[in-house]
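J.: Here it is: the structure, laid out below.
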Amino acid sequence: MSGKPLAGQRAVVTGASSGIGKAIALAFAEAGAAVVVNHHSDVAAGKAVTAEILEKEGRAVSVGGDVSKPRDVQRLFDAADSHFGGVDIVVANAGAQADAPLLEMSLEDWRKVIDLDLTGAFLCAQEGARRFLRQGLEPNRSKALGKVIFVSSVHQRIPWAGHVNYAAAKGGVRMLMETMAQELAGRAIRVNAIAPGAIKTPINTEAWATPAAARKLLKLIPYGRIGEVEDIAQSAVWLASDAADYVVGTTLFVDGGMSLYPAFRNGG
Ligand code: NAD
């Protein structure tokens, strides 16, 4: 995309101190948006992302918070209000894994992932929608009243043995997104999701960091390369922009074909 497709817009990006969230925050700033850069435990990393944006004459502010806690979520949006005068885009990106086979999974690990990956996404999207409605439409800023983008996963569709909490959370995000989109489309709020395939980030280092692991992973990716965070960030810029104004309630799979049942590519 050329120019500044998000000029004048304000975004809250959760889990923006690393990986996909960081890349989205940087790409949004590059596209002209002011960004609330949320970090959780890694304060220095969150501040470094903000500093990188400010160095390039962008607008950003670092705000700590645990997105599974309603009060912390409020704080993110209050920062968007006080620093940038409001919010137009919410990216519910923060997520984590706590893997174990089903028979061994602790209730604690089940709850940890559901609380963050599903409930955290719900809290951020709900608060964003409330703020959009309070602000009202500003056609000079964007055709839509507001945009919500969930960072889901191919595992909203592909069952994943050994990761039942994560797959259940991402499957839940899919229905959260579609139901929310259906409920709010008539009020000019666009709700969508991006489902990344395998992207090189800290969440899955063991899956790509050694040549043997990368070879194994590539068998699952018809396009023949492991994804980069920029693949997701550029999709997010487009989805948040007015170029995608008619895109409502859709999951954009950015996965090099991972969700195409690659085991069947030679006829099964
Ligand atoms: P990552 O570990 O780099 O990013 C996760 C981010 O979430 C981190 O910045 C972390 O600080 C933040 N976070 C953790 N707990 C938090 C909390 N309680 N409150 C706020 N933030 C919190 O990994 P990533 O790959 O960039 O993951 C980002 C999103 O992308 C996740 O939702 C993940 O499920 C999804 N995803 C990643 C891949 C992939 O291959 N990397 C694939 C599909 C989906």
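The values are calculated or read from the model by the stated rules, or taken from the named source; none is laboratory data. Keep in mind that what you see is a predicted model, and the values were worked out from it rather than measured. We place every Cβ from the backbone using ideal geometry, glycine too, and count neighbours over all the protein chains shown. Ligands, DNA and RNA are excluded from the accessible area calculation, which covers all protein heavy atoms including side chains. Shrake-Rupley method; radii C 1.70, N 1.55, O 1.52, S 1.80 Å.
J.: Okay, which of the range 136-153 sit inside 19 Å, backbone N to the point 7 Å along the Cα-Cβ direction of residue 247?
T.: 142-153
J.: A further question on this structure: Quick one: how many Å² of residue 180 are accessible to a 1.4 Å probe, rounded to 10?
T.: Residue 180 exposes around 20 Å² with every protein chain in place.
J.: Let me ask you something else. Got a number for the accessible area of residue 218? Probe 1.4 Å, square angstrom, nearest 10.
T.: Its heavy atoms expose roughly 60 Å² to the probe.
J.: Convert each backbone phi in the range 76-92 into a coupling constant with the Karplus relation 6.51 cos²θ - 1.76 cosθ + 1.60 (shift: θ = phi - 60°), then list the ³J(HN,Hα) values in order as whole Hz, x for Gly and Pro.
T.: 3J(HN,Hα) across the range 76-92, in whole Hz: 4, 6, 5, 5, 4, 5, 6, 8, 10, x, x, 8, 10, 9, 10, 10, 8.
J.: Mean residue ellipticity at 222 nm from the helices of the chain, using -39,500 (n - 2.57) per DSSP H segment of n ≥ 4 over the full residue count, to the nearest 500 deg cm²/dmol?
T.: Helix contribution divided over all residues of the chain: -12000 deg cm²/dmol.
J.: Follow-up question, since we're still on this one. In whole percent, and with a 1.4 Å probe on the protein chains, what portion of the accessible area of the range 64-188 is carbon and sulfur?
T.: About 52 percent, which is the carbon plus sulfur part of the accessible surface.
J.: As an exercise, use a Förster radius of 30 Å and the Cβ-Cβ distance of residue 100 and residue 47 to find the FRET efficiency, rounded to the nearest 0.05.
T.: 0.35
J.: Would you tell me the accessible area of residue 42, worked out with a 1.4 angstrom probe on the heavy atoms of the protein chains, in Å² to the nearest 10?
T.: Counting only protein heavy atoms, the figure is 80 Å².
J.: Then there is this: Go through the range 1-72 and name the GluC sites (Glu not before Pro) that are in a DSSP coil and have 16 or fewer other Cβ atoms within 10 Å of their Cβ.
T.: Here the GluC sites (Glu not before Pro) that fit, given the DSSP loop and packing criteria, are 57.
J.: With the other protein chains left in place, how much accessible area per residue, in square angstrom, belongs to the range 108-193 at a 1.4 angstrom probe?
T.: 45 Å²
J.: Could you put 223, 166 in order of accessible surface area, largest first, with the 1.4 Å probe and the full protein assembly present?
T.: Largest to smallest exposure gives the sequence 223, 166.
J.: Note the angle between two axes, namely the Cα long axis of helix 229-240 and the longest principal axis of the Cα atoms of the chain, as a number of degrees from 0 to 90, rounded to the nearest 10.
T.: 40 degrees
J.: For the chain, set up a Gaussian network in which alpha carbons nearer than 10 Å are linked by springs, and say which option among 251, 210, 179 fluctuates the most.
T.: Between 251, 210, 179, it is 210 that shows the largest mean-square fluctuation.
J.: Using a Gaussian network for the chain with springs between C-alpha atoms less than 10 Å apart, which of these wobbles most: 213, 188, 34?
T.: Its mean-square fluctuation being the largest, the pick is 213.
J.: Could you identify which residue out of 243, 195, 33 has the top mean-square fluctuation in a GNM of the chain using Cα springs shorter than 10 Å?
T.: Result for the chain, Cα springs under 10 Å: 243 fluctuates most.
J.: I would also like to ask the following. To the nearest 10 degrees, how steep is helix 43-55 against the longest Cα principal axis of the chain, on a 0 to 90 scale?
T.: On a 0 to 90 degree scale, this one is about 60.
J.: So for the chain, taking the charge dipole from beta-carbon charges (+1 Lys/Arg, -1 Asp/Glu), which of 87, 193, 248 sits furthest toward the positive end?
T.: 248
J.: Then there is this: Restricting everything to alpha-carbon atoms, can you work out Rg to Rh for the range 1-115 with a Kirkwood hydrodynamic radius?
T.: 1.05
J.: For the chain, what number results from the quotient of the Cα radius of gyration and 2.2 N^0.38 Å?
T.: Dividing the Cα Rg of the chain by 2.2 N^0.38 Å gives 0.97.
J.: Angle, helix 121-135 long axis vs. longest principal axis of the chain, Cα atoms, 0 to 90°, nearest 10?
T.: Taking Cα atoms only, the helix is inclined about 20 degrees.
J.: Rolling a 1.4 angstrom probe over the protein heavy atoms, how many square angstrom per residue are accessible across the range 1-92?
T.: Result: 40 Å² per residue.
J.: Pulled fully out, how much extra length does the chain show between residue 140 and residue 230, if you take 0.36 nm times their separation in residues and subtract their Cα-Cα distance?
T.: Full-extension gain reported as 29.6 nm.
J.: Would you list, by chain and number, the lysines whose Cα falls below 23 Å from the Cα of residue 22, excluding same-chain residues fewer than 8 positions away?
T.: Qualifying lysines at Cα under 23 Å: 4, 47, 56, 69, 112, 147, 170, 200.
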